[in-house]
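**Q** Below: one structure in structure tokens.
The values are calculated or read from the model by the stated rules, or taken from the named source; none is laboratory data. Just so it is clear, the model here is predicted, and its values are computed rather than measured. We place every Cβ from the backbone using ideal geometry, glycine too, and count neighbours over all the protein chains shown. Surface areas here come from the heavy atoms of the whole protein model, side chains and all, with no ligands, DNA or RNA. Shrake-Rupley method; radii C 1.70, N 1.55, O 1.52, S 1.80 Å.
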Amino acid sequence: ETGVTQTPRHLVMGMTNKKSLKCEQHLGHNAMYWYKQSAKKPLELMFVYNFKEQTENNSVPSRFSPECPNSSHLFLHLHTLQPEDSALYLCASSPTGTSGGNEQFFGPGTRLTVL
Amino acid sequence: DQQVKQNSPSLSVQEGRISILNCDYTNSMFDYFLWYKKYPAEGPTFLISISSIKDKNEDGRFTVFLNKSAKHLSLHIVPSQPGDSAVYFCAALSSGSARQLTFGSGTQLTVLP
């Protein structure tokens, strides 16, 4: 596997379910990100991890819980979600979260539908 | 309030002609700008970038222009090809320690054969 992979690619869950999204990067990067993309809206940054430490939480509701066990893996744990949380969830990585000018590499995303 | 704006949600261009995608920003602290391309069912892929110390960067068929005084950048694709049909996102990095990307809402480009 190369680049950034995300599983599952599609997820349908009820509001009382608990599920997790997984992201893995094979690029040797030290920073990983979770973004949310809703229809016709810009990508919204949710969380940033730099060297496994969370450095950014953009006022995300506690029903979204990130976990970064190492620099290659990032999880987003979901519980008691709302229908408005239905969106495309994208994971990205970059060499480091603070270096200048480096682009982020994105995974294919998980299409989440909350019923 | 959106700091990076792409005011055209869609653009259609004939194959072989020039595509011009526009992006405006409001934050003077942005010092690096990127364009990403996104196909359906795939994540965004990096296309081209420009530092705020430059006003033009070219890579093959793709050229990005930056007008700092107008806080405006544009992506030119010439000649346009049907495979260029995708959503194009403009993104900006701010100077300082927290260099996070701020994205625009995207422009759907359709290149007609």
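**Q** Roughly how large is the B-A contact in terms of buried accessible area, totalled over both chains, probe 1.4 Å, nearest 100 Å²?
**A** Approximately 1600 Å², summed over both chains.
**Q** Considering only protein heavy atoms, with the full assembly of protein chains and a 1.4 angstrom probe, order B:1, B:84 by accessible area, largest first.
**A** B:1, B:84
**Q** Quick one: of the DSSP bridges fully inside the protein assembly as shown, what percent are antiparallel, nearest 5?
**A** Of the beta bridges lying entirely in the protein assembly as shown, close to 90 percent run antiparallel.
**Q** Setting aside same-chain residues fewer than 8 positions from residue A:19, which aspartates and glutamates have a Cα under 19 Å from its Cα?
**A** Within reach: A:67, A:84, A:85.
**Q** Moving on. Put a dot 7 Å past each Cα toward the Cβ at residue B:42 and residue A:27; how far apart are the dots in nm?
**A** 1.4
**Q** Report relative contact order for the stretch B:10-113 in percent, whole number only (criteria: Cα-Cα under 8 Å, sequence separation at least 6).
**A** Once divided by the residue count of the stretch B:10-113, the mean separation gives 37 percent.
**Q** Quick check for you: with a 1.4 Å probe and neighbouring chains kept, what is the accessible area per residue of chain A, in Å²?
**A** 46
**Q** Okay, moving on. What accessible area, in Å² to the nearest ten, does a 1.4 Å probe give for residue B:48?
**A** Only protein atoms counted, so the area is about 10 Å².
**Q** Only loop residues by DSSP count here, and only those with at most 10 other Cβ atoms within 10 Å; note down the trypsin sites (Lys or Arg not before Pro) in the stretch A:18-69 that meet that.
**A** Qualifying residues, ordered by number: A:40.
**Q** Give the lysines reachable from residue A:41 as a straight Cα distance under 22 Å; neighbours fewer than 8 places away on the same chain don't count.
**A** The reachable lysines, counting only those whose Cα sits under 22 Å from residue A:41, are B:5, B:37, B:38, B:71.
**Q** Do any cysteines of chain A lack a neighbour Cys whose Cβ is under 4.7 Å away, and which are they?
**A** Lacking a cysteine Cβ partner under 4.7 Å: A:68.
**Q** How about residue B:56: which aspartates and glutamates have a C-alpha closer than 19 Å to its C-alpha, ignoring those fewer than 8 places off in the same chain?
**A** Leaving aside aspartates and glutamates fewer than 8 places away in the same chain, those within reach of residue B:56 are A:103, B:24, B:31.
**Q** Work out the mean other chain Cβ neighbour count within 10 Å for the residues of B:38-46 and drop it here as an integer.
**A** Taking the mean over all residues of the peptide, I get 6.
**Q** With a cut-off of 8 Å between alpha carbons and a minimum separation of six or more residues, what is the relative contact order of chain A in percent?
**A** Result for chain A is 37 percent.
**Q** Once Lys and Arg get +1 and Asp and Glu get -1 on their Cβ, which of B:30, B:20, B:76 lies farthest toward the positive end of the dipole of chain B?
**A** B:30
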